[in-house]
1. With a point put 7 Å past each Cα toward its Cβ, work out how far T152 is from N13 in nm, to one decimal.
2. Students often forget the sequence filter, so: which lysines lie under 19 Å Cα-Cα from K57 once same-chain residues fewer than 8 apart are removed?
3. Quick one: net charge around A6, please, counting Lys, Arg +1 and Asp, Glu -1 for every other residue with C-beta under 14 Å from its C-beta.
4. Taking +1 at the Cβ of each Lys and Arg and -1 at the Cβ of each Asp and Glu, which of L12, I79, N64 sits farthest along the dipole of the chain towards its positive end, judged by Cα position relative to the Cα centre?
5. Could you state the number of Å between the C-alpha centres of region 78-110 and region 1-68?
6. With a sphere of radius 12 Å drawn around the Cβ of R164, what net charge do the other residues whose Cβ falls strictly inside it have (Lys, Arg +1; Asp, Glu -1)?
7. With equal scatterers on the alpha carbons only and no solvent term, can you work out the Debye log10 of I(q)/I(0) for the chain at 0.13, 0.17, 0.19 1/Å?
8. Starting from the residue with the highest accessible area, list E49, E77, E4 in decreasing order, probe 1.4 Å.
Amino acid sequence: MKKEIADLLSHLNSNNTEEKRYSIADIGMILEMNTRILNGNQSDLVNEEFKNYLDKKLLSIRLNIDEQVEIIEKLVERILAKDTLSASMLWAIGKAYPTAGLPGIVKVIEFNWKTFDDEMSYQSIISLENFLYWDIIRNASGELLRNEELMTFIQEKSQSTNERLSECSKRVLSKLSGIKRT
């Protein structure tokens, strides 16, 4: 693991909530920046866009998919351990390359969704939505549809009184409804 990433992850052990928040935001931005590069965007254009959010040493970090998976696994461990900033970590996972982030989101939902508050539910479902387009075009969504725990979670949240959560859940269900179970 790159030293800068290890340092950011080590800050998640801090008792200083602000330090943790900044580290999570940096991790999310680094994941998103690298996802755009992995998707074929030119590095210099991506750097220009992210230079207002990341300092120079973080801006130069390049991650492959395996390195993203390693980061996601560390975040998932913390979420499963009920970290107080789990919703923010779910947001960061949603910025990852889909093959790196989707398994982590699914794992967290499968094991923890019944304990989620509205914000954790929303961040989980918006992350799923971020990954869904990629998943659908690769015809892998049948696997998501067969995951009963995941589908129950989304269906229940589509009935939430929290309008933002309900609407996001309904969008994901709508996108999944056109997919055949294989």
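The values are calculated or read from the model by the stated rules, or taken from the named source; none is laboratory data. Remember, predicted model here, so these are calculated numbers, not experimental data. Virtual Cβ from ideal backbone geometry, glycine too; neighbours counted across all protein chains shown. Please note that ligands, DNA and RNA were not included when accessible areas were found on the heavy atoms of the full protein model with its side chains. Shrake-Rupley method; radii C 1.70, N 1.55, O 1.52, S 1.80 Å.
1. Result for the modelled spin labels: 3.6 nm.
2. Within reach: K2, K3, K20.
3. Result for the neighbourhood of A6: -2.
4. N64
5. 16 Å
6. Here the charged neighbours net out to -1.
7. Summing over Cα pairs of the chain leads to -0.66, -1.08, -1.28.
8. E77, E49, E4
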